[in-house]
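The values are calculated or read from the model by the stated rules, or taken from the named source; none is laboratory data. What you are looking at is a predicted structure, and each value in this text was computed from that prediction instead of being measured. Neighbour counts run over all protein chains shown; Cβ positions are idealised from the backbone, glycine included. In case anyone asks, the SASA skips ligands and DNA or RNA and just uses the protein heavy atoms, side chains included. Shrake-Rupley method; radii C 1.70, N 1.55, O 1.52, S 1.80 Å.
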Amino acid sequence: MRVVVAGGKLQGVEAAYLARQAGWSVVLVDRDGAAPARGLSDRFCQLDILEDAGALAPVLKSADLVIPAIEDAAALTALEQLTRRCGVPFACDLSAYTVTSSKIRSNRFFAEQGVPAPRSWPESGFPLIAKPSEGSGSRGVEKISDEKELALFFERVGPEKDHYVIQEFLPGETYSLEVIGEPGHYLALPVTDLRFDTRYDCKRVLAPTALDPAAEKRFQDLGVQLAALLSLRGIMDVEAIDDGGTMKVLEIDARLPSQTPTALYHSSGLNILTLLYGLFVNRRVERPPRLTGPGGVVYEHIRVTPGHIETLGERIVAQAGPLTHHRDFFGADEALTDYQPGRFPWVATLIITAADPLQAWNKRCRVIENIAAG
């Protein structure tokens, strides 16, 4: 089985890693020769999707499935058209992506459908959170505490303020889940727990969720409801915050997410890419048997400089060069890293498993101690 992964940053790392776990051959396409996912692929093609269609076509024709790992609407549209001409399945729902790639459109969708979500300013009070409508991750996200800070924010962004979503800041725990399928048949996958750094960038994923089974089921039902309202055919990530027992949806993304699929894979044995293959190649999503993983997973990003270890958001991985896959990395089960002995700084995504969440966390602490000891 050969897959083409289009895009080598965060989602590309996720796709390449999970494809290799499935035993598939990975061809990575990216215009950046130093894309982080390059070191996780079997073959790398330095091509621009919008400019190199002639060279890209034979690469696509060699694949059983094309997995987009980019967030550029023009590139996704061009890739969809090219895969159609090449007769290769393309694991993407552009219609749903168009809605979910804009937080402004998504929030309008939530309001129209009565989906619980944080209140928008000026209906809400302070503190607020301001997020650019386009793009994912923490770029441009700001917390605003009062009227003075809001005025300074408006002055700083100027006319671009109309391209921001401004909502109430909620302090609860944040959770994520993936929904995959097509109208009439959706599968909500297990929930994972998210932790963020001071820039609101996800630095750690924990699995299985700390939610009780009833709360997890309610969140999964909400995810299926959202997928049905979008008439999704593909995969969607839902991020929500627990506001006093009510799950309020922060954002939805109709694309392969980063971070959570690998944590889910190690906690449950479910590989999202094999489910996507079933949907787009075999035209069905098989409900997998109930699988049991190790019982606890910590998936975490670190940056190491001489005498200092920081746990930071996934942006540090996006900014790294090609990553390589290591086993038994300072005691971690696995790591994706640009580490080279004696060279600083270096970054790593640590994958740590154990019999239960507490043992996984204790093991994670020992890994950090091992790294500090050199």
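Right, K248: open to solvent by 20 Å² or more (accessible area, probe 1.4 Å), at pLDDT 95 or above and touching a His at 6+ places or on another chain (Cβ under 6 Å) or not? Outline the logic, then answer.
Values: open to solvent by 20 Å² or more (accessible area, probe 1.4 Å): yes; at pLDDT 95 or above: yes; touching a His at 6+ places or on another chain (Cβ under 6 Å): no.
Against the criterion (open to solvent by 20 Å² or more (accessible area, probe 1.4 Å), at pLDDT 95 or above and touching a His at 6+ places or on another chain (Cβ under 6 Å)), K248 does not qualify.
Taking the listed residues T77, T83, the one that is open to solvent by 10 Å² or more (accessible area, probe 1.4 Å), closer than 20 Å to L276 by Cβ and β-branched (V, I, T) is T77, with no other qualifying.
Restricting to region 343-374, name every residue that is open to solvent by 60 Å² or more (accessible area, probe 1.4 Å) and in contact (Cβ under 8 Å) with a residue 60 or more places away in the chain. Before the answer, list the steps.
Within region 343-374, the subset open to solvent by 60 Å² or more (accessible area, probe 1.4 Å) is 343-345, 355, 357-359, 361-362, 366, 369-370, 372-374.
If the condition is that a residue be open to solvent by 60 Å² or more (accessible area, probe 1.4 Å) and in contact (Cβ under 8 Å) with a residue 60 or more places away in the chain, then A355, P357, L358, Q359, W361, A372 are the ones that fit.
Filter region 33-76 down to the residues that are of a type outside the set (G, A, S), in a loop (DSSP other than H, G, I, E, B) and over 20 Å from the mean Cα position of the chain (by Cα) and list them by number. Can you show your working first?
The first filter runs over region 33-76 and keeps only residues of a type outside the set (G, A, S), leaving 36, 38, 40, 42-52, 56, 58-61, 64-68, 70-72, 76.
Checking which are in a loop (DSSP other than H, G, I, E, B) leaves us with 42, 47-52, 64, 70-72.
Within region 33-76, D42, L47, D48, I49, L50, E51, D52, D64 meet the criteria.
Specify which of the listed residues (L256, L264, L211, L270) is closer than 28 Å to R315 by Cα, within 16 Å of the chain's Cα centre (by Cα) and surrounded by fewer than 23 Cβ atoms within 10 Å (Cβ to Cβ). Step through it out loud before you land on a result.
Values: L256 fails: surrounded by fewer than 23 Cβ atoms within 10 Å (Cβ to Cβ); L264 fails: surrounded by fewer than 23 Cβ atoms within 10 Å (Cβ to Cβ); L211 fails: within 16 Å of the chain's Cα centre (by Cα).
Of L256, L264, L211, L270, the one residue that is closer than 28 Å to R315 by Cα, within 16 Å of the chain's Cα centre (by Cα) and surrounded by fewer than 23 Cβ atoms within 10 Å (Cβ to Cβ) is L270.
Quick check on L60: is it aliphatic (A, V, I, L, M) and closer than 20 Å to V281 by Cα? The answer is yes for L60. Within region 92-111, being in contact with a Phe, Trp or Tyr (Cβ under 9 Å, 6 or more places away or on another chain) and surrounded by fewer than 19 Cβ atoms within 10 Å (Cβ to Cβ) holds for V99, I104. Mind listing just one residue for me: the one in region 318-342 that is closer than 20 Å to A15 by Cβ, at pLDDT 95 or above and among the aliphatic types (A, V, I, L, M) and, of those, surrounded by the fewest Cβ atoms within 10 Å (Cβ to Cβ)? My answer is A335.
Which residue out of E314, E300 is in contact with a His (Cβ under 9 Å, 6 or more places away or on another chain) and modelled with pLDDT of 95 or more? Even if it seems obvious, please write down each step before you answer.
Numbers: E300 fails: in contact with a His (Cβ under 9 Å, 6 or more places away or on another chain).
Result of the check over E314, E300: E314.
Restricting region 1-33 to residues that are open to solvent by less than 10 Å² (accessible area, probe 1.4 Å) and free of Cβ contacts under 8 Å to residues at least 60 places away in the same chain leaves a set whose member that is nearest to E314 (Cα to Cα) is G12. Scanning region 112-171 for residues that are open to solvent by 50 Å² or more (accessible area, probe 1.4 Å), part of a loop (DSSP other than H, G, I, E, B) and farther than 19 Å from D237 by Cβ yields G114, R119, W121, P122, E123, F126, S145, D146, F169, P171. No other residue among P89, P58, P36 is open to solvent by 30 Å² or more (accessible area, probe 1.4 Å) and more than 23 Å from R233 (Cα to Cα) apart from P58. A search for C-beta distances below 6 Å between a residue of region 144-159 that is more than 18 Å from E123 (Cβ to Cβ) and any residue that is surrounded by 11 or more Cβ atoms within 10 Å (Cβ to Cβ) and among the acidic types (D, E), counting only pairs 6+ apart in sequence or on different chains, returns nothing.
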